[in-house]
Amino acid sequence: MSGLDMLSTLPYVRFNSRFRLAQIIETELAKTGVEPNLIAEIDTIASVVSCVIHGLGVSVVPWIALRDIAAPIVSVPFGEPQILRPIGLLERRSGTRTAIIDRLHQHLSRLSAPYGVAR
């Protein structure tokens, strides 16, 4: 069963629409023409994932939310092409925390693999 088949036939657990991520997901859903059967709107990604794990329905979440999940769930790419969310770090040119920001960037880049960008 494809992701769009799941979204059009199974109950849908939506991430709260006041967040930018939810707006991106809703925009992509609108492009597909799929009208999911909304059964719940949840405020946190972890809670959405928990609802899916416990059989409440299907959802769309960032892949990183599934990295450490041991439960047997089905995960398929979402969007054509698959949606990616760029993020970035800002720092002062003459900042005194360059070493800390470098370590933070390395950590975020490693967590975002294979999409992380080297500094």
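Rounded to two decimal places and with Rh computed the Kirkwood way over Cα pairs, what is Rg over Rh for the chain?
1.05
Normalised by the number of residues in segment 37-119, what is the relative contact order in percent for Cα pairs under 8 Å and 6+ residues apart?
16
With unit charges on the beta carbons (Lys and Arg positive, Asp and Glu negative) and the dipole taken about the Cα centre of segment 77-119, which residue among Ala113, Ile87, Ala99 sits farthest to the positive side?
Checking the options against the dipole of segment 77-119, the answer is Ala99.
Residues of the chain: accessible area per residue at 1.4 Å, in Å²?
Per-residue value: 73 Å².
Placing +1 at every Lys and Arg Cβ and -1 at every Asp and Glu Cβ, with all other atoms neutral, what dipole size does the chain have around its Cα centre, in debye to the nearest 20?
My answer is approximately 740 debye.
Sum -39500 (n - 2.57) across every DSSP H segment of at least 4 residues in the chain, then divide by the residue count to get the 222 nm mean residue ellipticity, nearest 500.
Only helices count here, giving -11000 deg cm²/dmol.
Ratio of Rg to Rh for segment 1-45, alpha carbon only, Kirkwood?
0.95
Using a 10 angstrom cutoff on alpha carbons, build the Gaussian network for the chain and name the most mobile of Val49, Val76, Val61.
Looking only at Val49, Val76, Val61, the biggest GNM fluctuation is shown by Val76.
Give me the percent of the accessible area of segment 1-78 that comes from carbon and sulfur atoms, probe 1.4 Å, all protein chains in place.
56
With only alpha-carbon pairs counted, each pair once and no self-pairs, how large is the Kirkwood hydrodynamic radius of segment 21-77 in angstroms?
About 12.3 Å, per the Kirkwood formula over Cα pairs.
Mind telling me which of Ser94, Ser47, Ser75 comes out most flexible in a GNM of the chain, alpha-carbon contacts under 10 Å?
Ser94
Please identify every one of the chymotrypsin sites (Phe, Trp or Tyr not before Pro) in segment 36-119 that sits in a loop by DSSP and has no more than 13 other beta carbons within 10 Å of its own beta carbon.
Those that pass, being in a loop and sparsely packed, are Tyr115.
With only Lys, Arg, Asp and Glu charged, each at its Cβ (+1 for the first two, -1 for the last two), find how big the charge dipole of segment 8-58 is about the Cα centre; round to the nearest 20 debye.
80
The values are calculated or read from the model by the stated rules, or taken from the named source; none is laboratory data. Remember, it's a predicted structure, so these values are computed and weren't measured experimentally. A quick note on method: Cβ atoms are made from the backbone with ideal geometry, for glycine too, and the neighbour counts reach across all protein chains shown. Accessible surface areas use protein heavy atoms only, side chains included; no ligands, DNA or RNA. Shrake-Rupley method; radii C 1.70, N 1.55, O 1.52, S 1.80 Å.
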